[in-house]
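Reading through the structure tokens given below for one structure.
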Amino acid sequence: ISESAPLSDALSTAKLAWGQQMINIGATVGLGTTLLTGMYAQSRLYLSITRDGLLPEILGHVSGTLRVPVFAQIWCGIIAALLATPFDVEALSKFLSIGIMLAYSLVCWSILSFRSAHNRPALGWIGCYSLLALC
């Protein structure tokens, strides 16, 4: 059984071609949906950051008819295409895991520093340490 597609390979070995095709189609649709959802969320994040004044205003332009941040969508597409060209999927998934871990760690650090700066109860310490322990 191959490591890259174990369920599909197992169904192929069991002579269940229809099951293998269903798994392959589901994996392809699921991967595409995940990528499009991530790009949509990223463009909305850029829109929010632009409204805070931290990114150029052009990324915050919302289309009148579609009501989506057009230039932020285009920017996310360009960056995704540039990253997909030289790297394989395995390397990109490792980068994504590292980026998510870094983002969660920064959020935890921000919460801790905010609570200590404003003399808030340190209940957030438990959650932040739990998240760091899971990483």
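Points to keep in mind about this one:
- The angle between the Cα long axis of helix 17-51 and the main principal axis of the chain comes to about 20°, on a 0 to 90 degree scale.
- Inter-site label distance for ALA117 and THR85 at 7 Å from Cα along Cβ, in nm: 4.0 nm
- When the chain is treated as a GNM with alpha-carbon contacts under 10 Å, the residue of ALA14, ALA72, ALA27 showing the greatest mean-square fluctuation is ALA14.
- Taking the longest Cα principal axis of the chain as reference, the axis of helix 124-134 is set at about 30 degrees.
- Angle of helix 89-117 to the longest C-alpha principal axis of the chain, folded into 0 to 90 degrees and rounded to 10: 20°.
- Value at 222 nm in deg cm²/dmol, rounded to 500, when DSSP H runs of n ≥ 4 in the chain each add -39,500 (n - 2.57): -25000 deg cm²/dmol
- For mean projected area of the Cα convex hull in nm², the candidate list reads (1) 10.8; (2) 12.8; (3) 7.7; the entry that matches the value derived from this model is (2).
- Multiplying the residue separation of LEU66 and ALA14 by 0.36 nm and removing their Cα-Cα distance gives an extension gain of 13.9 nm.
- By accessible area, using a 1.4 Å probe on protein heavy atoms only, the chain has 70% of its surface on carbon and sulfur.
- Taking 7 Å steps out from each Cα toward its Cβ at ALA5 and LEU106 produces label points 3.6 nm apart.
- Computed from the C-beta positions of ILE25 and PHE95 and an R0 of 25 Å, the FRET efficiency is 0.40 to the nearest 0.05.
The values are calculated or read from the model by the stated rules, or taken from the named source; none is laboratory data. None of the values given here were measured: they were computed from a predicted structure. Virtual Cβ from ideal backbone geometry, glycine too; neighbours counted across all protein chains shown. Ligands, DNA and RNA are stripped out before the accessible areas are found, and what is left, the full protein with its side chains, is counted by its heavy atoms. Shrake-Rupley method; radii C 1.70, N 1.55, O 1.52, S 1.80 Å.
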